Amino acid sequence: MPATRFVPEVPHAQLRFENVRLAGDALLPGDGYDDYVKRFRTVEDLHVNAAVVAYLVREARRLAWPVAWIERALAALHALRALAGEDASAPAAHVALAGSLTWTATLVGESESFWSLAAGDPARERWTRDRELLGVAGGARAQRTMRAWERLRPA
């Protein structure tokens, strides 16, 4: 597939499997979508956002951003780490993840003024190009959060 506008170093591809035969014990139990795909999206959100925050902390230290920002970013990173240990299908985990992603988005927004001081830095150029990654699947995340709140609503 053509490279994306952001993170073009990570290639995307389409696969087509034909005439694949598997032994019965090679199949995962349960419903593939409910038990695996939906959980994968949650796990993916956690890990992608944790990687972004970790990257920003690295750059913040290298570029001497304010210590208070770095501390809040580390706290957000630890919150994401804690959520990674939760059940990826639990509504409470989805609501907490939504809050953590809002926190992360705030940190990313605040980082823009720090990046502006790094004109000509190759890391700034990559960040400017790649930050769009954080908006991928925003609609799916919003729906997941809405459904989680519905599941947590008292009967």
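Below is a table of values for the structure above.
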quantity: Cα-centred dipole magnitude for segment 1-43, charges only on beta-carbon of K, R (+1) and D, E (-1), debye, nearest 20; calculated: 200
quantity: 222 nm mean residue ellipticity, helices alone, for the chain (DSSP H n ≥ 4; -39,500 (n - 2.57); rounded to 500); calculated: -20000 deg cm²/dmol
quantity: Under Karplus coefficients 6.51, -1.76 and 1.60, residue-wise ³J(HN,Hα) of segment 38-51 in Hz, glycine/proline x; calculated: 4, 5, 4, 4, 5, 4, 4, 4, 4, 6, 5, 5, 5, 5
quantity: Length released on extending from residue 90 to residue 43, taking residue separation times 0.36 nm less the Cα-Cα span; calculated: 15.7 nm
quantity: Model label zone, residue 117; criterion: amide N under 14 Å from point 7 Å along Cα-to-beta-carbon; scope segment 48-77; calculated: 59-70
quantity: Added length on full extension, which subtracts the Cα-Cα distance from 0.36 nm per residue, residue 67 to residue 22; calculated: 10.8 nm
quantity: Projected-area mean, segment 45-152, by convex hull of Cα positions, square nanometres; calculated: 6.6
quantity: Cβ-placed point charges (K, R +1; D, E -1), dipole of segment 45-152 about Cα centre in debye, nearest 20; calculated: 80
quantity: Long-range HN-HN contacts of residue 137 with modeled amide H, under 5 Å; calculated: none
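Read-outs throughout are calculated quantities, based only on the coordinates presented, and are distinct from any laboratory measurement. Since the model is a prediction, treat every value here as computed from it, not as a measurement. Backbone-built Cβ (ideal geometry, glycine too); neighbour counts: all protein chains shown.
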